[in-house]
Amino acid sequence: MARFAAIGLDHRHVYDMTEGLLTAGAECVGYNSDTTDPHVLAGFGKRFPRVPEVSRERLLDDPTVDFIVLSAVPCDRAALAIEAMRRGKDVVSDKPGVTTLEQLDAVRRAVHDTGRLWSVCVGRVTSPAIQEAVRVVRSGELGRLVQVVSMAPHRLNRALRPAWFFDRPAYGGIINDIGVHSIDQFLALADVSEAEIESSTIGAFGTEPEGFEDFAEITLRTPSVRGYCRVDWFTPDGLPTWGDGRLFLIGTEGTLELRKNLDIGGRPGSNHMFVAGKDRTRYLDCSLLPVSYYRDVVAAVRTRDFAALPQEPVFTVCRMALRAQANAKRYVAVRRP
């Protein structure tokens, strides 16, 4: 049985990552209680009461711990991952895995030197709806893919956010933080290893503190597929979920829409797919479809076969997000008197 430890409990994503790995058959042998957010720490203890608190050094030195799950402050994730790899552990990191190109280069060197796995848990790998959309596109049902449009609004939940959440060097900027999901899914849907980022924009349209990046757009292209992605922190409190994530695909013979978080038409739950083709339209509830990411992690750690979790695409997505962030045009709202 693969054994892992949780280090860097600074974001709630650590709950889903831990639960996914436990369900896949791994054992969580301990967690380190260092955190910038006591609410996250308390939530982890409540969800996983049988997992003991253990010092970071003991977890990293324990030869029976196969890999580390980390959801630290984003700017600290690369250093923690490198330390874990150089001490013989594989790493599953929350996104973003890095916040600078220098960090990415350092992680790449550590992966090369140690032969360890460094996986970044982006949304596509755990989303049954996106996994099914990729399958539909590759089946040819939509004809040749022409355009991918992704909209990923998020709720700010200001009262729950720690101070680092509003500090751009700490979280890496809005495109690097949440736009990385959209870049990754575009590459998967277009079935390419890399794409050109034609443009990127970042807006600070009024969310306090002043200058906080609350809106961004990215346009991408391959020789045959166009892409548009929008991310923002403007989901209203009245929406019964953290964001109305949507994905639109246009093909030469059909279209596909995903409502990732809810169906405003009234269907319960999440992961709703709507497909229109040459002869029919159809609806698919993707919520119960299987995803293999966590099983793939457990298997790779055990067998050392990383074919299901190739490393180079992870580096590519991180690099594209960092460059889109760095090269973005910036807009600040003009406040009326």
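Taken as a whole, the structure leaves ALA72 outside the set of residues that are farther than 25 Å from ARG161 by Cα, surrounded by 14 or more Cβ atoms within 10 Å (Cβ to Cβ) and either in the same structural domain as GLN103 (by TED's automatic domain parsing) or modelled with pLDDT of 95 or more (or both). The lone criterion from (1) surrounded by fewer than 17 Cβ atoms within 10 Å (Cβ to Cβ); (2) at pLDDT 95 or above; (3) not in a strand (DSSP E or B) left unmet by LEU309 is number (1).
Yes/no matrix, rows are residues, columns are (1) more than 18 Å from ILE178 (Cβ to Cβ); (2) at pLDDT 95 or above; (3) surrounded by 15 or more Cβ atoms within 10 Å (Cβ to Cβ):
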| site | (1), (2), (3) |
| --- | --- |
| GLU198 | yes, yes, no |
| GLU213 | no, yes, yes |
| PRO236 | no, no, no |
| GLY243 | no, no, yes |
| LEU247 | no, yes, yes |
| ILE264 | yes, no, no |
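Within segment 173-211, the set of residues being part of a loop (DSSP other than H, G, I, E, B) and out of contact with any strand residue (DSSP E or B) (no Cβ under 6 Å at 6 or more places or on another chain) comprises GLY173, ASP191, VAL192, SER193, GLU194, GLY206, THR207, GLU208, PRO209, GLU210. Of all the residues in segment 31-46, those that are in a loop (DSSP other than H, G, I, E, B) and more than 17 Å from GLU83 (Cα to Cα) number 4. Looking at ALA326, is it under 24 Å from ARG77 (Cα atoms) and either loosely packed, with under 15 Cβ neighbours inside 10 Å or at pLDDT below 95 (or both)? Against the criterion (under 24 Å from ARG77 (Cα atoms) and either loosely packed, with under 15 Cβ neighbours inside 10 Å or at pLDDT below 95 (or both)), ALA326 qualifies. Exactly one residue among ARG3, ARG56, ARG47, ARG108 is among the basic types (Lys, Arg) and out of contact with any Phe, Trp or Tyr (no Cβ under 9 Å at 6 or more places or on another chain), and that residue is ARG56. Just wondering, is there one or more residues in segment 287-304 that are among the charged types (D, E, K, R) and farther than 25 Å from SER119 by Cα? Within segment 287-304, not a single residue is among the charged types (D, E, K, R) and farther than 25 Å from SER119 by Cα.
All conditions in (1) on the phi > 0 side of the Ramachandran plot; (2) buried (at least 19 other Cβ atoms within 10 Å of the Cβ) hold for GLY25, with the sole exception of (2). The numbered conditions (1) in contact (Cβ under 8 Å) with a residue 24 or more places away in the chain; (2) in a loop (DSSP other than H, G, I, E, B) are all true for PRO49 except (1). Checking each residue in segment 246-269 for being assigned to a loop (DSSP other than H, G, I, E, B) and either charged (D, E, K, R) or without any contact (Cβ under 8 Å) to a residue 40 or more places away in the chain (or both) picks out GLU253, LYS260, ASN261, LEU262, ASP263, ILE264, GLY265, GLY266, ARG267, PRO268, GLY269.
Restricting attention to segment 142-160, the residues that are of a type in the set (Lys, Arg) and either surrounded by 15 or more Cβ atoms within 10 Å (Cβ to Cβ) or in a helix (DSSP H, G or I) (or both) total 2. Any residue that is farther than 25 Å from GLY172 by Cα, of a type in the set (A, V, I, L, M, F, W, C), over 20 Å from the mean Cα position of the chain (by Cα) and assigned to a helix (DSSP H, G or I) - is there at least one of those in segment 89-109? Checking segment 89-109: not a single residue is farther than 25 Å from GLY172 by Cα, of a type in the set (A, V, I, L, M, F, W, C), over 20 Å from the mean Cα position of the chain (by Cα) and assigned to a helix (DSSP H, G or I).
Residues of segment 292-305 that are crowded, with 18+ Cβ neighbours inside 10 Å and either acidic (Asp, Glu) or touching a residue at least 60 places away in the same chain (Cβ under 8 Å) (or both): TYR293, TYR294, ASP296, VAL297, VAL298, ALA300, VAL301.
The values are calculated or read from the model by the stated rules, or taken from the named source; none is laboratory data. In this text, all values refer to a predicted model and were calculated from it rather than measured experimentally. All Cβ positions, glycine included, derive from the backbone under ideal geometry; neighbour counts span all protein chains shown.
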